[in-house]
Amino acid sequence: MMKYFKIFLLLDAILCYIGQINGYNIDIKIAKNDIDHLDKYLNSKDPSDTEESDVFSKLLDDWKEESEKKLLLSQIVPMYLKMLESMKSTEVKDSITNLTQMLHTSNKDYLEKSSQKMKRLSELKHMQTSDIKTQRAAIKVLLRVLRDVSTFEMQQKQGFKKCKRENVRRRRGC
């Protein structure tokens, strides 16, 4: 039970993020109170718990763009739902119910499409790349893939050049 403390702190951060985007599903004040209540119930003061939370924190920090965060959250939120379902305490039942409802509604309304996209991405790993039909289909789309990659590369270079120009202007005092 002690290891759940840091995970619940991350739950708070995730609920805040989802709440900012999709505020009608999540009442942050209620979520914060429920998380604090669960935190007290779990008596989470164990310093070894930081290892698990660091994994989630690093993921949330590394995935910065909204579309990336949606994909990440579409995988994390169901984990929280399973975890909350596994907690069988009458003392914190109301808190568990509130948080579960918030997560479930957000998952259904906001993250479900991203979760489906992740499933489709995972199917790519199992694709038979040596199959001739797969190769033919892939070759037909290769130019589009290269164009998309090229567009991303150009956007990144333009962003770098723009940043470099702004830094030069700042040094000159413009």
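The values are calculated or read from the model by the stated rules, or taken from the named source; none is laboratory data. Remember, predicted model here, so these are calculated numbers, not experimental data. Every residue, glycine among them, receives a Cβ derived from its backbone with ideal geometry; neighbour counts consider all protein chains shown. The area values use the complete protein model at the heavy-atom level, side chains included, leaving out ligands, DNA and RNA. Shrake-Rupley method; radii C 1.70, N 1.55, O 1.52, S 1.80 Å.
Go through the range 61-71 and give me each residue that's loosely packed, with under 15 Cβ neighbours inside 10 Å and not in a helix (DSSP H, G or I).
Result: Lys64, Glu65.
Test of understanding: among Ser74, Ser106, which residue is more than 22 Å from Lys32 (Cβ to Cβ) and open to solvent by less than 30 Å² (accessible area, probe 1.4 Å)? First the steps, then the outcome.
Working: Ser106 fails: more than 22 Å from Lys32 (Cβ to Cβ).
That would be Ser74, the only listed residue that is more than 22 Å from Lys32 (Cβ to Cβ) and open to solvent by less than 30 Å² (accessible area, probe 1.4 Å).
Being outside any helix (DSSP H, G or I) and not aromatic (Phe, Trp, Tyr) is true for just one of Thr100, Thr129. Which residue is that? Working first, answer last.
Working: Thr100 fails: outside any helix (DSSP H, G or I).
The unique qualifying residue is Thr129.
Identify, from the list Lys40, Lys88, Lys58, Lys29, the residue that is at pLDDT 70 or above, out of contact with any helix residue (DSSP H, G or I) (no Cβ under 8 Å at 6 or more places or on another chain), more than 21 Å from Lys119 (Cα to Cα) and not in a helix (DSSP H, G or I). Talk me through it step by step, then tell me what you get.
Details: Lys40 fails: not in a helix (DSSP H, G or I); Lys58 fails: not in a helix (DSSP H, G or I); Lys29 fails: not in a helix (DSSP H, G or I).
Just a single option satisfies the conditions, and that option is Lys88.
Would you be able to tell me the number of residues in the range 107-137 that are small (Gly, Ala, Ser) and at pLDDT 85 or above? Before you say what the answer is, go through the steps one by one.
Residues of the range 107-137 small (Gly, Ala, Ser): 114-115, 122, 130, 137.
Those still in the list that are at pLDDT 85 or above too: 122, 130, 137.
Adding up the residues that qualify gives 3.
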